[in-house]
Amino acid sequence: MKVFLDTNILLDYLLKRQPFYESVKKVFEMCLYTIDGCVTPHSLIDVFYMLSERTDATTEFCRETILKLRAVLFVIPENDDIVLAAARNTDFSDFEDSMQNESAMIAGVDYIITRNKKDFDKSTVSAITPEEFLKLVLGEK
């Protein structure tokens, strides 16, 4: 199974944001052992920025964090075709969400895991929360 992790999921995990941390931690553990987790380059850019500007993390720590994420997650390439498709996709009012959607579709993921399902209402890839994903895959409540 292949899943796309939205930027908010990465930040929930890295910043241990409550009450979301426990469920995203389980998703990350699954990415280590049983499923393929994917992200886009710009999600990693956003993570680096958020860590460096919104916390007291050093640049070295931020770089190490990106390297660790890359060791666990696959980075889906973004290219001109994806940019054009995202810009032309009138189903999305937010360009970043449209980019994420196009990247997820091209990568052939099974689910987009996000806390903001409404951002992906028009996606052809099912968007689910971490809790919904865990319930679906593991039968958790």
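The values are calculated or read from the model by the stated rules, or taken from the named source; none is laboratory data. Since the structure is predicted, the reported quantities are computational estimates derived from the model, not experimental observations. No Cβ is skipped: glycine too gets one built from the backbone with ideal geometry, and neighbour counts run over all protein chains shown. When the accessible area is computed, the model is the full protein with side chains, heavy atoms only, and any ligands, DNA or RNA have been set aside. Shrake-Rupley method; radii C 1.70, N 1.55, O 1.52, S 1.80 Å.
Observations on the model:
- Selected residue (criterion: surrounded by the fewest Cβ atoms within 10 Å (Cβ to Cβ)) from residues of region 1-20 that are touching a strand residue (DSSP E or B) at 6+ places or on another chain (Cβ under 9 Å), of a type outside the set (Phe, Trp, Tyr) and in a helix (DSSP H, G or I): THR7
- The residue list LEU67, LEU51 contains one member that is over 11 Å from the mean Cα position of the chain (by Cα) and at pLDDT below 95, which is LEU51.
- Residues being more than 23 Å from ILE82 (Cβ to Cβ), hydrophobic (A, V, I, L, M, F, W, C) and open to solvent by less than 30 Å² (accessible area, probe 1.4 Å) - total across region 24-65: 7
- Candidates VAL109, VAL72 - the one that is under 19 Å from MET30 (Cα atoms), touching a helix residue (DSSP H, G or I) at 6+ places or on another chain (Cβ under 6 Å), open to solvent by less than 70 Å² (accessible area, probe 1.4 Å) and not aromatic (Phe, Trp, Tyr): VAL72
- Residue check for LYS135: closer than 18 Å to VAL27 by Cα and modelled with pLDDT of 95 or more: yes
- Single residue of region 112-141 satisfying the filter (buried (at least 18 other Cβ atoms within 10 Å of the Cβ) and among the small types (Gly, Ala, Ser)) that is farthest from the chain's Cα centre (by Cα): SER123
- The listed residue being buried (at least 17 other Cβ atoms within 10 Å of the Cβ), farther than 30 Å from LEU138 by Cα and among the aliphatic types (A, V, I, L, M), out of ALA86, ALA104: ALA86
- Residue check, VAL75 in contact with a Pro (Cβ under 9 Å, 6 or more places away or on another chain) and within 21 Å of LEU136 (Cα to Cα): no
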